[in-house]
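Some notes on the structure that comes next.
Taken together, the values in this text are just the output of simple stated rules run on the coordinates, not laboratory data. Source: prediction; values computed, not measured. Don't worry about glycine lacking a Cβ; one is built from the backbone with ideal geometry, like all the others, and counts go over all protein chains shown.
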Amino acid sequence: MEEYIDPRANWSTRDVALRVHSGFRVLGLFSHGFLAGFSVWNIIVVYVLAGEQMTTLSNLLQQYHALAYPAQSLLYLLLAVSTVSAFDRVNLAKASMALRGFLTLDPAALASFLYFVALILSLSQQMTSDRINLYPAANTTLWPPGSEQQILRPWIVVNLVVALLVGLAWAVVSTQPDIDYTEGTALWADKDINRTCKYYRRKED
């Protein structure tokens with residue numbers, strides 16, 4: 001009677017890395033879609049609370065301050081995962097190939113660039129998000145009378161730009177969700193190693 005041998009017992013380090021990479025790619029795809037939907041929802045809520053022509057910014061502060069930290073934290077988390085996932089599709093180990101992808105507007109390279117810009121823009125508004133979160137507690141110090149327009153308008157515009165960048169990046173990724181130069185390079189390297197091993201085995205025989 002033949003004994004059952006778990007195929008995972010014969011996995012090499014490269015096999016494990018490819019499995020983890022494949023799992024992270026699935027997580028990244030989910031993150032791309034969820035981030036696009038969440039960013040659109042967030043900017044819609046902000047514009048609804050701000051009112052037409054941003055005339056009710058005080059209402060935005062009163063209603064949104066409780067959501068400021070949770071919303072921005074989730075946005076940063078999704079942006080970080082999506083940015084890493086997008087850059088993971090670009091073979092950064094080969095600088096010439098990665099640069100050519102950026103210059104030719106390759107979908108993977110373009111998406112990684114858009115996510116990176118969106119992440120930087122979001123981080124640039126961290127201080128304003130902190131102010132919004134502390135609105136009731138530090139109203140007189142952080143929010144002098146008449147400062148809502150000066151502080152909130154750039155924050156709203158940046159959030160709108162982030163939503164547009166994220167939506168565009170998601171559209172780019174969704175057109176070719178299977179493209180992954182890093183995994184392809186690893187697979188080709190694995191094949192080359194196997195061919196080399198077979199060659200030397202035949203030579204020894």
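Per-structure values
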quantity: Hz values of 3J(HN,Hα) by residue in region 107-121 - Karplus curve (6.51, -1.76, 1.60), Gly and Pro given as x; calculated: x, 5, 5, 5, 5, 5, 5, 5, 5, 5, 5, 4, 5, 5, 5
quantity: Among 124-136, 71-83, the order from most to least packed when residues are scored by Cβ within 10 Å on average; calculated: 71-83, 124-136
quantity: Net charge of neighbours whose Cβ lies under 15 Å from the Cβ of L60, counting Lys and Arg as +1 and Asp and Glu as -1; calculated: 0
quantity: Peptide ranges 141-148, 156-163 listed from the most packed, as the mean C-beta count within 10 angstrom indicates; calculated: 156-163, 141-148
